[in-house]
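*Asks:* Submitted below is the structure of interest, expressed as structure tokens.
The values are calculated or read from the model by the stated rules, or taken from the named source; none is laboratory data. Keep in mind that what you see is a predicted model, and the values were worked out from it rather than measured. Here the Cβ positions follow ideal geometry from the backbone for every residue, glycine too, while neighbour counts run over all protein chains shown. With ligands, DNA and RNA removed, areas are computed over all heavy atoms of the protein, side chains included. Shrake-Rupley method; radii C 1.70, N 1.55, O 1.52, S 1.80 Å.
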Amino acid sequence: MLSLRPLPFRSQVVKEVRLCVSRTASSSPKTGIVLLNMGGPQKVEQVHDYLHQIMTDRDMIQLPFAQDRLGPWIAKRRTPEVQKKYEEIGGGSPILKWTNKQGELLCQRLDKVSPNTAPHKHYVAFRYVPPYTKDAFTELERDNVERAVIFSQYPQYSCATSGSSFNAIYKYYKDKKLPEGLRFSMIDRWSTHPLLVKCFADLIRKELAKINGSKRKDTIILFSAHSLPLKAVNRGDSYPSEVGATVNLVMQELNYCNPYQLVWQSKVGPLPWLGPFTDEAIKGYVKLGKKNFVLVPIAFVNEHIETLHELDIEYCKELAEKVGVEEIRRVPAPNDHPLFIEALTSIVQNHLQSNVPVGKKFLNRCPHCVSASCYHSKKWFSEVCRI
Ligand code: FES
């Protein structure tokens, strides 16, 4: 019997055929996973641009006046010192290498555990070095992706880091038409995910096991996270409490096997930042007669300058020798640890199965937020995110 259904318009047929051809090509993804991070210079020649972009990003840092002139001036002044640090870790940051590896492993696992959303493809969107937000989304649009999961690679949310990356996506799209048929959703925080906790616990156990038996039980586990200006903390940034949540769950997983302390690193500039600072804490404990430490980069998911230079060279080597530390070991970042890849997979898989395209916590601004970018960005995400 002849079907009485109306024939589709020619343009619709052409479009469907095009999509079908495109989708069956071996590289054609259905679901894009956009991995957000700040990034780091791969070469010392990129250091100036990287610092310039950080110092002029008001989501990341708010200078007291004339940021458009003061920011570039600070970036230029700090470039030689920061270039030297990158030279000392081999000439560049490995963050792109690790993010790509994590993305590839994640998508391989997702293709297996979530066949109805396969094929999956990862896209890297860095904030301050290529590949930028615009590079990731241009590629994703060219690939005719149906659904983009925007996945912050900071487990603990801060308006200065994750918030800045989300605002950059809003700014990229605000004057552009959203591609037809592309759906967005987002994962903005995952500080308490059980597999993230197990991964850190496993890494800590392995490092503790390398410490001589008699010293091991009194070794202090120092969880070190990037600090924040107190102004941001008092504005209501949830990062300190989310880092604390990860620390507590990791210690619970370790059955509170050792003394521990959360400390904060990487302060810059003269304004007050959240402490106690990692280096000051090491000095303080040595004065109290505690001389063995395991350092845990609890808010970093891959190696970069803060782990390879600040923790390894400045604290575990130079400071430790200077103040008389007996033994200090640094736990590696999660990188490609199998439990970490399982954590990423589980987070995205659960998200794909959920009916929550954007979290309520993300949509609620800090109580003292005065940023127009935050207002517009959250409004935009609440409108465009859908399952
Ligand atoms: Fe936190 Fe704007 S500063 S939402």
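*Asks:* What are the residues whose amide H is under 5 Å from the amide H of TYR260, where those residues sit 5 or more places off or on another chain and H is modelled from the backbone?
*Replies:* Distant-sequence amide H within range of TYR260: ILE221.
*Asks:* By a straight-distance test (C-alpha under 24 Å), which lysines pair with LYS177 as possible cross-link partners, with residues fewer than eight away in the same chain excluded?
*Replies:* LYS15, LYS30, LYS121, LYS134, LYS378, LYS379
*Asks:* If you don't mind, there's one more thing I want to ask. So how exposed is ARG386, as accessible area in Å² (1.4 Å probe, rounded to 10)?
*Replies:* It works out to around 110 Å².
*Asks:* Now for a different question. Given a 10 angstrom Cα cut-off, can you work out which residue in ILE74, ILE33, ILE282 is the most mobile in a GNM of the chain?
*Replies:* ILE74
*Asks:* When 1/r is averaged over all different Cα pairs and the result inverted, which Kirkwood radius in Å belongs to region 168-293?
*Replies:* Taking the inverse mean of 1/r over all distinct Cα pairs, region 168-293 comes out at 17.4 Å.
*Asks:* Cut-off under 16 Å on the C-alpha distance; same-chain residues fewer than 8 positions from LYS317 excluded. Which aspartates and glutamates are left, in chain and number order?
*Replies:* Cross-link targets: GLU88, ASP279, GLU280, GLU306, GLU326, GLU327.
*Asks:* Select from region 54-113 those chymotrypsin sites (Phe, Trp or Tyr not before Pro) which occupy a DSSP coil region and have at most 14 other Cβ atoms within 10 Å, ordered by residue number. Don't skip to the answer; put the middle values down first.
*Replies:* Working: sites: PHE65, TRP73, TYR86, TRP98; in loops: PHE65.
Filter output for region 54-113: PHE65.
*Asks:* Something else: Which one of ASP175, ASP57, ASP143 has the biggest mean-square fluctuation once the chain is modelled by GNM with Cα springs under 10 Å?
*Replies:* ASP175
*Asks:* Next question. Among PHE277, VAL197, ALA209, pick out the residue whose Cα is farthest towards the positive end of the charge dipole of the chain, where Lys and Arg carry +1 and Asp and Glu carry -1 on C-beta, about the Cα centre.
*Replies:* Toward the positive end, the furthest listed residue is VAL197.
*Asks:* Might you tell me the accessible area per residue for the chain, computed with a 1.4 Å probe and given in Å²?
*Replies:* Normalised by residue count, the accessible surface of the chain is 48 Å².
*Asks:* Hey, another quick one. In debye, nearest 20: dipole of the chain around its Cα centre with unit charges on the Cβ of K, R (+) and D, E (-)? Kindly include the intermediate steps, with their values, before the conclusion.
*Replies:* Numbers: 53 positive and 39 negative charges, 181 e Å.
Using Cβ point charges on Lys, Arg, Asp and Glu, the chain gives about 880 debye.
*Asks:* With +1 on each Lys and Arg Cβ and -1 on each Asp and Glu Cβ, how big is the dipole of region 62-205 about its Cα centre, in debye rounded to the nearest 20?
*Replies:* 280
*Asks:* Counting only the heavy atoms of the protein chains, how much of LYS210 is accessible to a 1.4 Å probe, in Å² to the nearest 10?
*Replies:* About 110 Å², ignoring ligands and nucleic acids.
*Asks:* Magnitude of the Cβ-charge dipole of region 28-101, K/R +1 and D/E -1, about the Cα centre, nearest 20 debye?
*Replies:* My answer is approximately 140 debye.
*Asks:* Tell me the Kirkwood radius of the chain: reciprocal of the mean inverse pair distance over distinct alpha-carbon atoms, in Å.
*Replies:* About 22.4 Å, per the Kirkwood formula over Cα pairs.
*Asks:* Go through region 53-58 residue by residue and turn each phi into a ³J(HN,Hα) via Karplus (6.51, -1.76, 1.60, θ = phi - 60°); whole Hz please, and just put x for glycine and proline.
*Replies:* Residue by residue, region 53-58 yields 5, 5, 6, 9, 8, 6 Hz.
*Asks:* Another one. Once each part is reduced to its C-alpha centroid, what is the distance from region 230-306 to region 54-122 in angstrom?
*Replies:* Here the answer is 21 Å between Cα centres.
*Asks:* If you don't mind, there's one more thing I want to ask. In the structure displayed, which of LYS101/LYS174; LYS171/LYS360; LYS43/LYS267; LYS84/LYS171 lie more than 28 Å apart, Cα to Cα?
*Replies:* Exceeds cut-off: LYS101/LYS174; LYS84/LYS171.
*Asks:* Taking the Cα-to-Cβ direction at ARG386 and at SER114 and moving 7 Å from each Cα, how far apart do the two end points lie in nm?
*Replies:* 1.9
*Asks:* Same structure again: How many nm separate the modelled label positions at LYS43 and GLU326, each set 7 Å beyond the Cα in the direction of the Cβ?
*Replies:* 4.8
*Asks:* What residue among ILE387, ASN364, ALA320 has its Cα farthest toward the positive end of the dipole of the chain, where the charges are +1 on Lys, Arg and -1 on Asp, Glu, each on the Cβ?
*Replies:* Final value for the positive-end residue is ILE387.
*Asks:* Something else about it: Using a 1.4 Å probe on the protein heavy atoms, what percent of the accessible area of the chain belongs to carbon and sulfur?
*Replies:* 55
*Asks:* For a Förster distance of 56 Å, can you work out the FRET efficiency between the beta-carbons of ASN255 and GLU180, rounded to the nearest 0.05?
*Replies:* The pair ASN255/GLU180 has a calculated efficiency of 0.60.
*Asks:* Provide the gained length on full extension for the span GLU81 to LEU230, in nm with one decimal, where the gain is 0.36 nm per separating residue minus the Cα-Cα distance.
*Replies:* Numbers: separation 149, 0.36 × 149 = 53.64 nm, distance 2.52 nm.
In short, 51.1 nm is gained.
*Asks:* Which value in Å does the Kirkwood hydrodynamic radius of region 29-134 take, with 1/r averaged over all unlike C-alpha pairs and then inverted?
*Replies:* Its Kirkwood hydrodynamic radius stands at 15.4 Å.
*Asks:* From the phi angles alone, apply the Karplus equation (6.51, -1.76, 1.60; θ = phi - 60°) to region 114-122 and give each ³J(HN,Hα) in whole Hz, x where the residue is Gly or Pro.
*Replies:* 9, x, 6, 9, 7, x, 9, 9, 8
*Asks:* Moving on. Counting just the Cα atoms, what span does region 287-387 cover along each of its three principal axes? Round to the nearest Å and put the largest first.
*Replies:* Result for region 287-387: principal-axis Cα extents of 56, 38, 24 Å.
*Asks:* Could you grab the Rg to Rh ratio for region 98-177? Cα atoms only, Kirkwood for Rh.
*Replies:* Taking Rg over the Kirkwood Rh, I get 0.97.
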